[in-house]
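Undergrad: The structure's right below; bear with me while I get my questions together.
The values are calculated or read from the model by the stated rules, or taken from the named source; none is laboratory data. On a predicted model such as this, the values are computed, not experimentally measured, just so you know. Counting neighbours? That spans all protein chains shown, and the Cβs are built from the backbone with ideal geometry, glycine included.
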Amino acid sequence: MKEKIKNFALTFVVIFLCFSFVFIGVSNSFVLQTDALNLYSSARGCAVIETTTKRKLYAVGENKKMPMASTTKIMTAITALENCDDLDEKFEVSPKAVGVPGTSLYLRKGDVYSTRDLLYALMLISGNDASVAIAEHVAGSTSEFVTKMNELAKKIGATNSHFANTHGLDADGHYTTAYDLALITSYALENETFREIVGTKNTKITKGDGENRYLKNKNKLLFTLDGCIGVKTGYTDDAGRCLVSAIEKDGLRLVCVVLNCRPMFEESAELLRQCLENYKLYDLTELYDFDHSIDVVDGRNESAMIGTYGNFLYPLTENEVQNLKFVYSYPQSVQAPLDKDSEIGKVEIFLGNDLLFSEKIFTIEEIKPKSILQRMKDFFKNW
C-alpha cells in the first residue's frame, strides 16, 4: 500500500513538473517576442499605435477598463472644437465653473474668456474649472456636454469608454482603456486647432478686462523628446499617473498611452523611440510583383495593360516586410471587348495568417475587339 502511494505521489510530481515546464515555455515565448524590440512598460494599461492604420505596435492590458484622470480632457477638447461655432467669442464663465476642485485656472465670478483661451488652459495646465466653463458655454450644461462626449466616443470607435465628467476626477462610470484613448487621441490629432493647442509649450491668454495669464505645458516630453507633438498628462488617486503622448517623425505619427504608470514620462519616451527605430511606414503597393500585361483573346491588340489604383501604407518592421506574402488572383487572358477599368482579379497581402490588405486588379485601358480587316485576315489564314 505504501509503495502504491509512493508511486502515485511520484507520478503526480512528474506530471506537475511537465505542465509547469510547458506553461513557462509559453509564457517566455511572449516575453521573447517583446524583448526582440526592447519594448516594456510597467503601466497597468498601455498602447502604442500608428494613427493612420490604428495598428498596435505595442500593448499591455490595452483593453482593461480603467480611470484615466485628466487625459479625459482630450475628449473634452475635441468635443468642444466640434461643437463650438466661434472659438474667439468672449463669454462670462458659468458660476458652476468657480471653485471646481483639483488643478485649476482659478476662475472667479465675472471672469470673461474665449473658448480658445480656455482650451489652452484646459490642455496646458489641466484646468478642471476651465473644462466646466467650456462645457457650460458650448452645450448649455455639463450633463449635455458629457452626452456629446459619449456620442463622439462611439463615433470614433471607443466602445469600451464612458465619460461621467469633463475633467477626469474619479467618478463611478468614468473609464476608458489604453487602446480606446489612443483611438480618441488619433482622431483628435486630425483637428488642426487641437494639434496646435496640445503642441504649445508656453502661451498667454487674456481675460476680458485685459489681464494676462501665462501658461506652461505640463507635458515634459514636449521639451525633451524630439518630434513630440503633445498631448496630455493626468493624475488622481484611483487612476495613478497617466500620460498620452504623440510623436511625428520620418512619416510616422505615433500615439502612446500609459495608464497608472509611475515613470510615465520615461517609459513613454522610450516606447516612442523604440517604435520609431523599429517601424517604418511602407507603401505595400510599391512591392507588387505581377505582370502588368495580360494576353487578349480576339482583341485588336494581343495584350493589354492591367493594374491597381490604390495605395496602402502600413507600419512594419524590416523582418515583417521580408515575411509578407502577396497572392495574385487573375486569369492568364481576357476576352475582348472590355471597357477600361473592368475588374479582372484581385491582390491580397498577408502577414502570417492575417490579411492586411486586398484590392481589385483592373484593365487600365480599353480592350477593343479585332477590326473587320483583322477578322478577314484570320478567316483566309485559316481557310
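Undergrad: Any residue in the range 108-125 that is at pLDDT below 95 and over 22 Å from K204 (Cβ atoms)?
TA: yes
Undergrad: Among the residues of the range 189-209, count how many are part of a helix (DSSP H, G or I) and of a type in the set (A, V, I, L, M, F, W, C). Even if it seems obvious, please write down each step before you answer.
TA: In the first step, residues of the range 189-209 are kept if they are part of a helix (DSSP H, G or I); the result is 192-198.
This time we only want the ones that are of a type in the set (A, V, I, L, M, F, W, C), so: 194, 197-198.
The total comes to 3.
Undergrad: Being closer than 19 Å to T76 by Cα, in the same structural domain as A69 (by TED's automatic domain parsing), in contact with a Leu (Cβ under 7 Å, 6 or more places away or on another chain) and not in a strand (DSSP E or B), is that true of even one residue in the range 210-217?
TA: Yes, some residue in the range 210-217 is closer than 19 Å to T76 by Cα, in the same structural domain as A69 (by TED's automatic domain parsing), in contact with a Leu (Cβ under 7 Å, 6 or more places away or on another chain) and not in a strand (DSSP E or B).
Undergrad: Any idea how many residues of the range 248-267 are under 23 Å from T52 (Cα atoms) and either of a type in the set (A, V, I, L, M) or part of a strand (DSSP E or B) (or both)?
TA: Matching residues across the range 248-267 total 10.
Undergrad: Need the failing condition index for N319 against (1) farther than 15 Å from T285 by Cβ; (2) under 38 Å from the mean Cα position of the chain (by Cα); (3) in contact (Cβ under 8 Å) with a residue 40 or more places away in the chain, just the number.
TA: Result: N319 passes all but (3).
Undergrad: Still on this structure, I have one more. Return a yes/no flag: does the range 324-343 have any residue that is under 30 Å from K56 (Cβ atoms), within 22 Å of the chain's Cα centre (by Cα) and in contact (Cβ under 8 Å) with a residue 12 or more places away in the chain. First the steps, then the outcome.
TA: Of all residues in the range 324-343, those under 30 Å from K56 (Cβ atoms) come to 324-329.
Cutting the leftovers down to within 22 Å of the chain's Cα centre (by Cα) gives us none.
Scanning the range 324-343 turns up no residue that is under 30 Å from K56 (Cβ atoms), within 22 Å of the chain's Cα centre (by Cα) and in contact (Cβ under 8 Å) with a residue 12 or more places away in the chain.
Undergrad: Looking at the range 293-311 only, could you name the residues that are of a type outside the set (G, A, S) and either in contact with a Lys or Arg (Cβ under 7 Å, 6 or more places away or on another chain) or buried (at least 17 other Cβ atoms within 10 Å of the Cβ) (or both)? Let's see the steps before the verdict.
TA: Filtering the range 293-311 for residues of a type outside the set (G, A, S) gives 294-298, 300-302, 305-306, 308-309, 311.
I294, V296, D298, R300, I306, T308, listed by residue number.
Undergrad: Return yes or no: is N63 of a type in the set (S, T, N, Q), out of contact with any Lys or Arg (no Cβ under 8 Å at 6 or more places or on another chain) and not in a helix (DSSP H, G or I)?
TA: Numbers: of a type in the set (S, T, N, Q): yes; out of contact with any Lys or Arg (no Cβ under 8 Å at 6 or more places or on another chain): yes; not in a helix (DSSP H, G or I): yes.
For N63, the condition - of a type in the set (S, T, N, Q), out of contact with any Lys or Arg (no Cβ under 8 Å at 6 or more places or on another chain) and not in a helix (DSSP H, G or I) - is met.
Undergrad: Restricting attention to the range 268-285, which residues are under 21 Å from K346 (Cβ atoms) and either outside any helix (DSSP H, G or I) or free of Cβ contacts under 8 Å to residues at least 24 places away in the same chain (or both)?
TA: To start, the set of residues in the range 268-285 that are under 21 Å from K346 (Cβ atoms) comprises 282-285.
Y282, D283, listed by residue number.
Undergrad: Follow-up. Hey, can you tell me all the residues within the range 322-377 that are among the acidic types (D, E) and either touching a helix residue (DSSP H, G or I) at 6+ places or on another chain (Cβ under 9 Å) or outside any strand (DSSP E or B) (or both)? Working first, answer last.
TA: Filtering the range 322-377 for residues among the acidic types (D, E) gives 339, 341, 343, 348, 354, 359, 365-366.
Those that are among the acidic types (D, E) and either touching a helix residue (DSSP H, G or I) at 6+ places or on another chain (Cβ under 9 Å) or outside any strand (DSSP E or B) (or both): D339, D341, E359, E365, E366.
Undergrad: Considering the range 131-149 alone, what residues qualify as being under 17 Å from P67 (Cα atoms) and out of contact with any helix residue (DSSP H, G or I) (no Cβ under 9 Å at 6 or more places or on another chain)?
TA: So the first thing to find is which residues in the range 131-149 are under 17 Å from P67 (Cα atoms), and the list is 146, 149.
None; the set is empty.
Undergrad: Does E192 satisfy the condition of being closer than 17 Å to T51 by Cα, surrounded by fewer than 18 Cβ atoms within 10 Å (Cβ to Cβ), out of contact with any strand residue (DSSP E or B) (no Cβ under 7 Å at 6 or more places or on another chain) and of a type in the set (D, E)?
TA: On the way: closer than 17 Å to T51 by Cα: yes; surrounded by fewer than 18 Cβ atoms within 10 Å (Cβ to Cβ): yes; out of contact with any strand residue (DSSP E or B) (no Cβ under 7 Å at 6 or more places or on another chain): yes; of a type in the set (D, E): yes.
Yes.
Undergrad: For the range 124-145, give me each residue that is under 26 Å from the mean Cα position of the chain (by Cα) and farther than 17 Å from E92 by Cα.
TA: Matches in the range 124-145: L124, I125, S126, F145.
A quick yes/no check of all residues on (1) surrounded by 20 or more Cβ atoms within 10 Å (Cβ to Cβ); (2) within 17 Å of the chain's Cα centre (by Cα):
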| site | (1), (2) |
| --- | --- |
| R241 | no, no |
| I247 | yes, yes |
| N278 | no, no |
| L281 | no, yes |
| L287 | no, no |
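Undergrad: Which residues, taken from the range 218-247, are touching a strand residue (DSSP E or B) at 6+ places or on another chain (Cβ under 8 Å), more than 23 Å from T177 (Cα to Cα) and either in contact (Cβ under 8 Å) with a residue 40 or more places away in the chain or not in a loop (DSSP other than H, G, I, E, B) (or both)?
TA: In the first step, residues of the range 218-247 are kept if they are touching a strand residue (DSSP E or B) at 6+ places or on another chain (Cβ under 8 Å); the result is 218-219, 221-222, 225-235, 239-247.
With the extra rule that they be more than 23 Å from T177 (Cα to Cα), the set shrinks to 222, 225-227.
Once the filter is applied, which keeps residues that are touching a strand residue (DSSP E or B) at 6+ places or on another chain (Cβ under 8 Å), more than 23 Å from T177 (Cα to Cα) and either in contact (Cβ under 8 Å) with a residue 40 or more places away in the chain or not in a loop (DSSP other than H, G, I, E, B) (or both), the range 218-247 yields L222, L225, G227.
Undergrad: Given (1) part of a loop (DSSP other than H, G, I, E, B); (2) of a type in the set (A, V, I, L, M, F, W, C); (3) under 24 Å from C242 (Cα atoms), where does L107 come up short, assuming only one miss?
TA: Result: L107 fails condition (3) only.
Undergrad: Looking at (1) at pLDDT 95 or above; (2) touching an Asp or Glu at 6+ places or on another chain (Cβ under 9 Å); (3) under 30 Å from G227 (Cα atoms); (4) not basic (K, R), find the lone condition where G310 falls short.
TA: Among (1) at pLDDT 95 or above; (2) touching an Asp or Glu at 6+ places or on another chain (Cβ under 9 Å); (3) under 30 Å from G227 (Cα atoms); (4) not basic (K, R), the lone unmet condition for G310 is (1).
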